[in-house]
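See structure below.
The values are calculated or read from the model by the stated rules, or taken from the named source; none is laboratory data. Everything numeric in this text was worked out from a predicted model, so none of it was measured. Note that each Cβ is placed from the backbone with ideal geometry, even for glycine, and that neighbours are counted across all protein chains shown. These area figures cover heavy atoms from the full protein model, side chains too; ligands, DNA and RNA do not enter into them. Shrake-Rupley method; radii C 1.70, N 1.55, O 1.52, S 1.80 Å.
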Amino acid sequence: MDFGPYLMLATLEGAVTAAVLALTASGLALVFGVMRVVNVAHGEFFMLGAVLAWWVTNMLGGSAAFGFAVALIVVPVLVGFLAVVTDMTVLKRINYDPERTIVATIGILYIFQQVTLMTYGPDARPVVPPFNTRLALPWIEFVDGEISLYWPWGLSITSYKLAVIGAAALVLVGLWVLMTRSKLGLLMRATEQDRDMALAFGIPVERVYALVFGLGAAMAALAAVLIVPIQQAHYLMGHDPLLLSFIVVIIGGLGSFPGTILAALLIGLSDGVISVFFSPTLAKILATLLVALVLVFRPQGLFGARDT
Amino acid sequence: MLRLEGVSAGYGRAQVLREVSFEAQAGEILCLVGRNGAGKTTTVKAIMGLLPLMAGNVTLEGTVLSSLPAHFVPRHGIGYVPQGRRLFGGLTVAENLDVGRLTNGKDRLVVEEVLSIFPRLAERFRQRANTLSGGEQQMLAMGRAMCLRPKVLLLDEPTEGLQPSMITAIRDATIRMRDQGIAVVLVEQRLDAIVELADHVALLENGQIRGTLTRSEMATYPQKLASHLGV
Ligand SMILES: Nc1ncnc2c1ncn2[C@@H]1O[C@H](COP(=O)(O)OP(=O)(O)OP(=O)(O)O)[C@@H](O)[C@H]1O
Ligand SMILES: [Mg+2]
């Protein structure tokens, strides 16, 4: 394949990574922004999303599309509910203390991981995509000074991957509308700004926290359901999304929603391109290096503002 | 109307308030007076339920507020204008007022009323609160509390660091609230403001109430108040 088509292929692969990463990282950013809780167990909610998606589709049987559609709705709700319970039984009891919540969520990480190992086992298991047509993509070339289209061999993407990108974009727009246009979003943003003043104006802060923690986990679970037909479900699969989400949230600027999305695009696309042309390890090394540089030279994040 | 009975409170194990008792009446302004660090802000936070009480209780028309979770206190009609304003800085003027309105969601007129009292806020309606001037921020803090349609208004040094015209605007709004039958608790340091506004004065010293003065007593013994303020 020529360089041009090859780059386009890498970019499309990167866009799938970016879409899923944007969902996962937004969940982490939401929880950190509103609750000031660094949720180290965020990747495990992602893992549970994938494992439960396998479980739901397997239990239901029937057509792949039907099982997957059910999983897409049921799994984020289940994981979100589990997170709400976690919030009320663990985080609330330690009063959302910033340091103690880090230690507590590390503990939660291992509990979820080991329980999954004990019940689901150590195998990676696939989920059948609901649809998976291979779509050949055109590229342009110049023939005798004229622009013409041709279909290079190997330049293609599956319809499922395109659907993942579309679904992620849709959910992110939905989240943005929820945060900026709804009464619930107003409650969350006010709580984020000043917890005591939120209480002083009648906002049930503890309920807002439980809801935010559930919503954040549901975002990770949804991302996992979307990616599991491409990646397979495994009890250790939460590590990479956790690391990448932290990278994205730091680069994007803590608590900045547009920053998180832009950083997810940057990291996801460069991950795709560098992985295809060089190696996935180099992509991770460069991303980690970028975080170090951002922390030293622009601690508020590339896209974050210094105020508030 | 709003009554404190033997309220003791503090931060962690450090006790600040010792058996503070007073009552604020509807349609009157009670000035809470004391030196820096006397515990005025602590008293107001204790009323709002933002600090756990060590002893005593706070009641509003017979309802024991101090046994309720903090977010129920405003729902019973207590509006709070905190020291230093503490607006939701990243939210717009409109959104700050909406938060004030949360506990009485159906009442849309109240925003119009606040904007007619503070027309400056109407001009800045879609602007973020942390981009307002100090005086505008104080108007917004006051407007946010008025959106609750409170029965009791707690004002913690609302004119601190403001220029005279802004002080007048805040003072006029305070009088207006009193005339509507609201019980106002005003933390104030300036002698002229106290003399002009107060129906009662409660003197706070080292976390204890050292005495109360009525309006006529203030006129008879002006030096008592002055010496207490250290002027
Ligand atoms: N968050 C806190 N933690 C510990 N101690 C505090 C805290 N806030 C206030 N204090 C202490 O409580 C005492 C009373 O403080 P408070 O803020 O109530 O005073 P104040 O009368 O409002 O003073 P000012 O006129 O300066 O506003 C002070 O000794 C102060 O050091
Ligand atoms: Mg004070």
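Condition check: in contact with a helix residue (DSSP H, G or I) (Cβ under 6 Å, 6 or more places away or on another chain), polar (S, T, N, Q) and open to solvent by 10 Å² or more (accessible area, probe 1.4 Å). Does B:N57 satisfy that? It is true that B:N57 is in contact with a helix residue (DSSP H, G or I) (Cβ under 6 Å, 6 or more places away or on another chain), polar (S, T, N, Q) and open to solvent by 10 Å² or more (accessible area, probe 1.4 Å).
Considering each of A:L187, A:L170, A:L222 in turn, give the residue that is within 12 Å of the chain's Cα centre (by Cα) and aliphatic (A, V, I, L, M). Spell out how you get there, then give the answer.
Working: A:L187 fails: within 12 Å of the chain's Cα centre (by Cα); A:L170 fails: within 12 Å of the chain's Cα centre (by Cα).
Matching residue, one of A:L187, A:L170, A:L222: A:L222.
B:T131: within 14 Å of chain A (Cβ to nearest Cβ), hydroxyl-bearing (S, T, Y) and either open to solvent by 50 Å² or more (accessible area, probe 1.4 Å) or under 17 Å from the mean Cα position of the chain (by Cα) (or both), yes or no? When the stated conditions are applied, B:T131 passes them.
Residue by residue through the stretch B:163-206, note down the ones that are assigned to a loop (DSSP other than H, G, I, E, B), under 19 Å from B:A145 (Cα atoms) and within 16 Å of ligand 1 (Cβ to nearest atom).
The first filter runs over the stretch B:163-206 and keeps only residues assigned to a loop (DSSP other than H, G, I, E, B), leaving B:163, B:180-182, B:188-190, B:198-199, B:206.
Still in the running and under 19 Å from B:A145 (Cα atoms): B:180-182, B:188.
Listed by number, the list holds a single entry, B:E188.
Against the definition (within 14 Å of chain B (Cβ to nearest Cβ), touching a residue at least 24 places away in the same chain (Cβ under 8 Å) and under 16 Å from the mean Cα position of the chain (by Cα)), how does A:S256 come out, yes or no? Against the criterion (within 14 Å of chain B (Cβ to nearest Cβ), touching a residue at least 24 places away in the same chain (Cβ under 8 Å) and under 16 Å from the mean Cα position of the chain (by Cα)), A:S256 qualifies. Every condition in (1) assigned to a loop (DSSP other than H, G, I, E, B); (2) surrounded by fewer than 23 Cβ atoms within 10 Å (Cβ to Cβ) is met by B:P150 except one, and the failing one is (2).
If the requirement is being under 18 Å from the mean Cα position of the chain (by Cα) and away from every other protein chain (no Cβ under 14 Å), which of these qualifies: B:V114, B:V73?
Numbers: B:V73 fails: away from every other protein chain (no Cβ under 14 Å).
Unique residue meeting the criteria: B:V114.
Among the residues of the stretch B:91-100, write down those that are closer than 12 Å to B:A145 by Cβ and either facing chain A (nearest Cβ under 9 Å) or hydroxyl-bearing (S, T, Y) (or both). Of everything in the stretch B:91-100, those that are closer than 12 Å to B:A145 by Cβ and either facing chain A (nearest Cβ under 9 Å) or hydroxyl-bearing (S, T, Y) (or both) turn out to be B:N96, B:V99, B:G100. Listed conditions (1) within 14 Å of chain A (Cβ to nearest Cβ); (2) among the small types (G, A, S); (3) surrounded by 17 or more Cβ atoms within 10 Å (Cβ to Cβ); (4) away from ligand 1 (no atom under 16 Å from the Cβ) are all met by B:G105, apart from (3).
Just to be sure, is B:L204 more than 14 Å from the chain's Cα centre (by Cα), more than 14 Å from chain A (Cβ to nearest Cβ), farther than 23 Å from B:A94 by Cα and buried (at least 22 other Cβ atoms within 10 Å of the Cβ)?
It is true that B:L204 is more than 14 Å from the chain's Cα centre (by Cα), more than 14 Å from chain A (Cβ to nearest Cβ), farther than 23 Å from B:A94 by Cα and buried (at least 22 other Cβ atoms within 10 Å of the Cβ).
What are the residues in the stretch A:203-215 that are within 8 Å of another protein chain (Cβ to nearest Cβ) and in contact (Cβ under 8 Å) with a residue 12 or more places away in the chain, if any? Hits for the stretch A:203-215 are A:I203, A:V205. Only a single item in (1) under 30 Å from A:P280 (Cβ atoms); (2) free of Cβ contacts under 8 Å to residues at least 40 places away in the same chain is not met by A:I165, and it is number (2).
Only one of the numbered conditions (1) within 7 Å of chain A (Cβ to nearest Cβ); (2) open to solvent by less than 30 Å² (accessible area, probe 1.4 Å); (3) of a type outside the set (K, R) is not met by B:G79, and that is (1). Of everything listed in (1) at pLDDT 90 or above; (2) within 13 Å of ligand 1 (Cβ to nearest atom); (3) surrounded by fewer than 16 Cβ atoms within 10 Å (Cβ to Cβ), the single unmet condition for B:G230 is (1). Selection of the stretch B:1-19 for residues being among the hydrophobic types (A, V, I, L, M, F, W, C) and not in a strand (DSSP E or B) yields only B:M1.
With the condition being within 14 Å of chain B (Cβ to nearest Cβ) and loosely packed, with under 13 Cβ neighbours inside 10 Å, I'd like the helices (runs of 4 or more DSSP H) fully within the stretch A:95-202 carrying at least 1 qualifying residues. I'd like the intermediate steps shown before the answer.
Numbers: elements: A:98-119, A:159-181, A:183-193, A:195-200.
Here the list reads A:159-181, A:183-193.
If only residues of the stretch B:136-163 that are away from chain A (no Cβ under 14 Å), touching a Lys or Arg at 6+ places or on another chain (Cβ under 8 Å) and not charged (D, E, K, R) are counted, the one that is nearest to B:N36 (Cα to Cα) is B:T159.
Can you work out which of the residues in the stretch B:14-49 that are near ligand 1 (Cβ under 10 Å from one of its atoms) and open to solvent by 20 Å² or more (accessible area, probe 1.4 Å) is nearest to the other protein chains (Cβ to nearest Cβ)? Break it down into steps so the answer makes sense when it comes.
So in the stretch B:14-49, the residues near ligand 1 (Cβ under 10 Å from one of its atoms) come out as B:14-17, B:32-46.
Next cut, open to solvent by 20 Å² or more (accessible area, probe 1.4 Å) only: B:14-16, B:35-37, B:41, B:45.
Details: B:A14: 18, B:Q15: 20, B:V16: 17, B:R35: 24, B:N36: 21, B:G37: 20, B:T41: 12, B:K45: 8 Å.
Per the criteria, the residue is B:K45.
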